[in-house]
Amino acid sequence: MKKLIYIMLIFSSLCVKAQETANPASNKVRELVTSLDSFRKKTPVEKVHLHLDKPYYSLGDTLWIKAYVVNERNELSALSKILHIDLVNDKGLVKTNITMPITKGLGWGAITLSDSLLQEGNYHIRAYTNVMRNFGADYFFDKVILIGNALPPPAESPATPGKKKPVTASNNIQPAPVKSDPNKISIQFFPEGGDLVNGLSSKIGFKAVGDDGLSREISGYVVGRDNKQIVAFKSEHAGMGTFMLKPAPGNTYTAVVKFRGNEKRIEIPKAKEQGFILSVTQNEDDVVVNINASAGLLQSGTIALVGQANNTVQYAASKPLNRTSFNTVIPKDRFPEGIVQFTLFSPDFQPVAERLVYVHHADSYLKINVAADKPDYKRRDKVHLDLQVTDLDGRPVTGAFSLAVTDETKVPYNEANEKTILSNLLLSADLKGYIEQPNYYFTADTTGKVNQLDNLLLTQGWRRFVWKDIMLNTIPPPVYRVETGVGISGQILASGGKPAEGVKVFLLFDMGSGVLIDTVTNNEGRFSFGNFPFRKGVGYNISLVDPKGNKNLKIQIDKPNNDLPGINNLPDEHADNDNLISYVENSRARFVELKKDAWLYKPIELKEVDIRELAVKNSTSLAGPGNADQVLTFVDLMGCQSDLSKCLVGRINGVQWKPISYTNSLTTDSHTVTINSGFLPYSRGYDDPMTIIVDGIERSDGLSVMSENVASVEVLRGGGASSLYGLHGAAGVIVITTKRGDINYEAFESERRHPGDANAKQQRGLMKYTFAGYDMRREFYSPDYSNPQTNTLVPDLRSTIYWKPSIITNTQGKAGVDFFNADGSGNYRVIVEGLAPEGKLGRQVYHYTVK
């Protein structure tokens, strides 16, 4: 982290000379720097970027997500361990959501776009950590995605299971968007620095927006009281542009705006009699700051200029107000890549002018090279892509990346509309309000786009903090704390609704041999249990013992995130609407083919034999699928989000479990710590452990596989195992079959989950609840056409060809992926996004041809 910089600079039109000064202004600057640093430490900033596999979807699709959680410097955050992701409809209702575990700032998962929960339309995908709620929803990740409906009509489809009640957020209903009137337009004017001042020339930014929230291109001119034209203007991009104006005392100004053959007159903001103008320009190497003051303010004291980025002061300067014009040139390398806020403070140390600029460094982005092993491919060919990540000087970079491959014929893109890791973390995440076509400013670094980005910053809001609160230290402590896991908390009430203090609360999870812990309520009747690594849907029981003998106690379990803010109304991007139509037409053929696999659409009959047959469908057991002394299915393993050995302890009959441990010497003292890294199974009466078979291969580390990836566990004991596996089966065999892409495991699991807290049942004196834990991490299914067992007769009409959320480049900056093309021909599009540990970001778009 950069150290805070205390630099007192003499303003000059020729040079900048650093010197220490001892005056009240410099002391105030030091106090401000200290206060801002205190604010930064007390109220941490986190930002989120979601890399999605596609920009739009159909009902029935899976939305694949890679999450990057970073701090204000775009370094992977070490704080939050939980990310909340909501899918919100255009009325503000949360239709579905997931809780994603975050490890060292990274996480990935998926949302099934079920037609039992959703309808076609516009949705927000919103992501945030708990600490991000301290700054409000303006700083959440928020992106509009369009969801069409390519599923066969209900009349043509077999019956589907009953619909579940959607999850909703309370008190956040927003009105549905109204139909746009193309002739309605809103135009705002923004004097540079904040105010117009009589007698001082100023740049004025403007922005024209229609009632659908999208920009309108306009032109026009400014007139004074005499109605004579003073200056003409015309928007450059997204309805934004600038013009210069020097207001005169006693005059007022009006903009005559021309749009679609119409003319509209709008008053320009009134000028102040005296004040300051703060203007900022840039060249290739420097940021140039100009300050102009009214003559009546001379000799009134000392002014100060502060430049801050990422809640850290990067530049501070003061100067006696003994002239009306000042100029300073600041090297760009003083600032990080991104938004810099310049604030001018008056002699009484009040913020009187403010300007945002975007500082770009040519070496700030990672260079990601994607190379294919062939110049072009055939349909269903195997593709190998090599990734090479370096900095601008060619040095290899170790970093975290995600990769999506789509058939561009089926998924046409508008690159300017994309919310990329660059446009989001460097721009959108630090600005309030909607930014139209955010990636437009990052697709090519041309002079025109630099100027247009500057126009955006003249007209866009930014307020993570207010200077007055910083200087007075009146910013309240953060309300929302860092979440390090998913726990359980609540309140125990006695008769009459009074808090019950001193009640002993017992918690028992329905998994394995049981996890039993207890605590005692405080003077407010509240209790809390720590973080648990279990996934969503695990059942748990709570029982109470009151030393006072009170049996009429009521349990209230806290519900997470029940006070979320409403959504921001983001406009539709018309280009994406057109692309969605094309996407839905292409997707319809795929769903027609999937319909032929009738089990995908038929009601799921939850007979145990059906689940068992499916679970062992791909078993390699020599005894035959399901022919075992004991079989555990993926439904039996629900809720245990850990390695398989820890999930099986206490679940297999006739087996003892011995911990695998090792001793670790701590460097700080002479103590040693024994660490349990798992368990090994031993059949009773045997000294040797049981043999572990995973997908037909004997593995000594077989039980280290994550339980969520396991379809079935088959246990073979005694002579039967010995006769089939020889000496390897003498002590018994455990056959593990992992999940494959040909079975919808999640459909069975979801039907077996408890319906939620609202339907908690009384069971044997215990209260039964469902744990709101992590959502299961799913694996993207990619067919292997080199495997002779793969059914090649089924048409492969995928639009997302490959999805790899967890790519880590090695010390040479290299990584590779392998996958198979689908049946579509034409251009396939590869998108790679990611970052390096020090916060440098990278994105690369690559195309290859399938014939």
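The values are calculated or read from the model by the stated rules, or taken from the named source; none is laboratory data. Since we're looking at a predicted model, the values are computed, not measured. Please note: Cβ atoms are built from the backbone with ideal geometry, for glycine as well, and neighbour counts cover all protein chains shown. Please note that ligands, DNA and RNA were not included when accessible areas were found on the heavy atoms of the full protein model with its side chains. Shrake-Rupley method; radii C 1.70, N 1.55, O 1.52, S 1.80 Å.
What does the charge add up to near GLU120, with Lys and Arg as +1, Asp and Glu as -1, over the other residues with Cβ less than 13 Å from its Cβ? Summing Lys and Arg as +1 and Asp and Glu as -1 gives -1.
Remark: the stretch 788-796, residue by residue, has Karplus-estimated 3J(HN,Hα) of x, 7, 6, 6, 8, 7, 7, x, 9 Hz, where x stands for each Gly or Pro and the curve is 6.51 cos²θ - 1.76 cosθ + 1.60 at θ = phi - 60°. Applying 0.36 nm per residue to the separation of GLU698 and LEU793 and subtracting their alpha-carbon distance, the gain on full extension is 31.0 nm.
Applied to the stretch 236-247, the Karplus parametrisation 6.51 cos²θ - 1.76 cosθ + 1.60 on θ = phi - 60° returns per-residue 3J(HN,Hα) values of 9, 7, 6, x, 10, x, 9, 8, 9, 8, 10, x Hz, with x for Gly and Pro.
Mean separation of Cα pairs under 8 Å and 6 or more residues apart, divided by the residue count, gives the stretch 333-482 a relative contact order of 18 percent. Computed over protein heavy atoms with a 1.4 Å probe, the accessible surface of the stretch 28-99 works out to 25 Å² per residue.
Output the relative contact order of the stretch 785-843, whole-number percent, from Cα pairs under 8 angstrom with separation of 6+ residues.
On the way: 29 pairs, mean separation 16.3, N = 59.
Here the relative contact order equals 28 percent.
VAL288 versus SER806, label points 7 Å from Cα toward the beta carbon: distance in nm? Distance between the two pseudo-spin positions: 5.2 nm. Label positions at ILE475 and VAL231, each projected 7 Å from the Cα along the C-beta direction, are separated by 3.4 nm. Here the contact order of the stretch 60-107, divided by its residue count and restricted to Cα pairs under 8 Å and six or more residues apart, works out to 41 percent. According to a simple spin-label model (label point 7 Å from Cα along Cα-to-Cβ), what is the distance in nm between ASP115 and PHE529? Between PHE529 and ASP115, the simple spin-label model gives 4.0 nm. For the listed residue pairs LYS536/LYS840; LYS419/LYS536; LYS382/LYS617; LYS143/LYS332; LYS367/LYS419; LYS410/LYS449, the alpha carbons are over 24 angstrom apart in LYS536/LYS840; LYS419/LYS536; LYS382/LYS617; LYS143/LYS332; LYS410/LYS449. Pairs exceeding 23 Å between alpha-carbon atoms, taken from LYS378/LYS739; LYS95/LYS498; LYS184/LYS234; LYS207/LYS468; LYS91/LYS432: LYS378/LYS739; LYS95/LYS498; LYS207/LYS468.
I need the calculated FRET efficiency for the pair ALA444 and ASN552, taking r as the beta carbon distance and R₀ as 51 Å, to the nearest 0.05.
Calculated transfer efficiency: 0.15.
Full extension of the chain between ARG379 and LYS270 yields a length gain of 32.7 nm, computed as 0.36 nm times the residue separation minus the alpha carbon distance.
Expected output is a single nm value to one decimal: the length gained when fully extending between ASP37 and LEU392, i.e. 0.36 nm times separation in residues minus the C-alpha distance. What is it?
Values: separation 355, 0.36 × 355 = 127.80 nm, distance 3.14 nm.
Gain on stretching ASP37 to LEU392: 124.7 nm.
Amide H to amide H distances under 5 Å link THR738 with ASP695, ALA711, where only residues 5 or more positions off or on other chains count and H is placed in the peptide plane.
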